[in-house]
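Notes follow the structure.
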Amino acid sequence: MKVISVKFKENGRSYYFDPADLEIRRGDFVIVETARGTECGEVVRGVHEVSATGFNKELKPVVRMADGVDIRRMRQNHADERRAFEVCEQRIAAHGLAMKLVEAEYTLDRNKLIFYFTADNRVDFRELVKDLAGHFHTRIELRQIGVRDESKMLGGLGICGQPFCCSRFLKNFQPVSIKMAKEQGLSLNPAKISGACGRLMCCLAYEQKSYEYLNSITPQAGSIVRTPDGEGVVTEANVIAGTLKVRSSVESLPPKTYRREECVYLRGGRRAPRRPDPEAGDDGE
């Protein structure tokens, strides 16, 4: 199917839209309908084809090409959003509400002003909404978001030195557990495996299936294996390198490193159930 990629913020992610037979090139601005309302976005990739598989619903078509008035209005809205953010922060403090404001956003037609915030508990913001509506004279919407969504909106650099995955390419947040860090042999220090949002890093899930497979075919420490030099006990396993350090049953011999393929698992130790190879077919072959 033919699509274009459109982004609405300088560092935001891009979204697919139906070009609707229009000649649209990279750098153009278009008017589209989104869940937030009518918006003006910049085309970051012109008309191109993608596989139709994976799209749950029909893509929304481009309403029209943006003109000079639309672009000026969009830029003015961005400037006004910064002022609206400051006003809302002042009103939150005045009402004594336990909430952290994350972002303010106007729709293109300025029929709605949306404020995104985080909070530990539910917040009764009815009086705040009345206050803001009286100040801005437009429809006010307050949306409570999670800490992961906050990081996605604000962006930043992770401990890897790269921009946050969530603000670049992640469409949906995947479940991440401490078990993944254990299986990957990572430090369980929260400071080392948590992102800026305070939750476990999303990238822990990227290689999880590969680690599950490698752990299932690799005898772990404490396992008794048969090597080309006889039986021995695994003292250390490197699942990525595919090597095992084995202490021979002959006490006079020092531990020796073998390739995983050279060793036959006999008994003992911890061994996960056999998992399918993620790089192979469903049968694991």
query = Any idea how far apart V44 and N121 come out in nm if each label point goes 7 Å out from Cα toward Cβ?
reply = 3.9 nm
remark   = Taking a crude spin-label model, label points 7 Å out from Cα along the C-beta direction, the L266 to R168 distance in nm is 4.8 nm
task = Could you tell me how many degrees, from 0 to 90 and to the nearest 10, lie between the Cα long axis of helix 68-95 and the main elongation axis, the longest principal axis, of the Cα atoms of the chain?
result = 80 degrees
request  = Using R₀ = 30 Å, calculate the FRET efficiency as 1/(1 + (r/R₀)^6) where r is the Cβ-Cβ separation of R247 and K182; round to 0.05.
outcome  = 0.80
inquiry  = Please report the carbon-and-sulfur percent of the accessible area for the range 161-265; probe 1.4 Å, protein heavy atoms only, DNA, RNA and ligands left out.
reply    = 53 percent
task = Please list the non-local residues whose amide H lies under 5 Å from the amide H of V62, H modeled 1.01 Å from N, same-chain partners needing a gap of 5 or more.
result = D18, A20
inquiry  = Give the lysines whose C-alpha is closer than 20 Å to that of K9, dropping any in the same chain fewer than 8 places away, or say none.
reply    = K60, K112, K152, K171
By accessible area with a 1.4 Å probe, ligands and nucleic acids excluded, highest first: order of E33, E39 = E33, E39
request  = Measure nothing but the geometry: give the 0 to 90° angle between the long axis through the Cα atoms of 126-136 and the longest principal axis through the Cα atoms of the chain, rounded to 10°.
outcome  = 50 degrees
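Counting heavy atoms of the protein chains only and a 1.4 Å probe, report the per residue accessible area for the range 90-245 as a whole number of Å².
Details: 8650 Å² over 156 residues.
Value returned for the range 90-245: 55 Å² of accessible area per residue.
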task = Excluding residues fewer than 8 places away in the same chain, name every one of the aspartates and glutamates whose C-alpha is closer than 20 Å to that of K100.
result = D80, E81, E86, E89, D120, D124, E127, D131, E141, D149, E150
task = Excluding G232 itself, calculate the net charge of residues whose Cβ lies under 15 Å from the Cβ of G232, where each Lys or Arg counts +1 and each Asp or Glu counts -1.
result = +2
inquiry  = Between 0 and 90 degrees, rounded to the nearest ten: what's the tilt of helix 208-217 against the longest Cα principal axis of the chain?
reply    = 10 degrees
inquiry  = Give me P(r) over the range 128-285, computed from all C-alpha to C-alpha distances, binned every 5 Å, as integer percentages.
reply    = 1, 8, 13, 13, 12, 11, 10, 9, 6, 5, 3, 2, 2, 2, 1, 1, 0, 0
request  = Springs between alpha-carbon atoms under 10 Å, Gaussian network over the chain: tell me which of V233, V250, V50 tops the mean-square fluctuations.
outcome  = V250
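Got the relative contact order for the range 168-285 handy, in percent, Cα pairs under 8 Å and 6 or more residues apart?
Values: 185 pairs, mean separation 25.4, N = 118.
With pairs under 8 Å counted, the relative contact order is 22 percent.
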key: Gain on full stretching of the segment that runs from D109 to S194 - 0.36 nm per residue minus C-alpha separation   = 26.7 nm
ask   = Roughly how many Å² of M1 are accessible to a 1.4 Å probe, to the nearest 10?
value = 90 Å²
query = Residues with beta-carbon under 12 Å from that of G46, excluding G46: net charge, scoring Lys, Arg +1 and Asp, Glu -1?
reply = 0
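Using Cα-Cα distances under 8 Å and only pairs 6 or more residues apart, what relative contact order does the chain have, in percent? Write out the running numbers ahead of the final one.
Numbers: 475 pairs, mean separation 28.7, N = 285.
Once normalised by length, the contact order is 10 percent.
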note = The simple spin-label model distance between T34 and H135, using points 7 Å out along Cα→Cβ, in nm, is 2.4 nm
request  = Over all alpha-carbon pairs of the range 28-111, lay out the pair-distance distribution in 10 Å bins, whole %, shortest bin first.
outcome  = 14, 35, 27, 18, 6, 0
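What percentage of the solvent-accessible surface of the range 43-124, computed with a 1.4 Å probe over protein heavy atoms, is contributed by carbon and sulfur atoms?
Numbers: 2370 of 5100 Å².
Looking at the range 43-124 in its full context, I get 47 percent from C and S.
What's the local net charge at A133, with K and R +1, D and E -1, over the other residues with C-beta under 14 Å away? Working shown, then result.
Numbers: positive: R91, R110, K112, R126, K130, R139; negative: E127, D131, E141.
Within the 14 Å Cβ shell, the charges total +3.
The values are calculated or read from the model by the stated rules, or taken from the named source; none is laboratory data. It should be emphasised that the depicted structure is a prediction, and the values quoted were computed from it without experimental measurement. Ideal geometry is used to build each Cβ from the backbone, glycine not excepted, and the neighbour counts take in all protein chains shown. Protein only, heavy atoms only, side chains kept; ligands, DNA and RNA dropped before computing areas. Shrake-Rupley method; radii C 1.70, N 1.55, O 1.52, S 1.80 Å.
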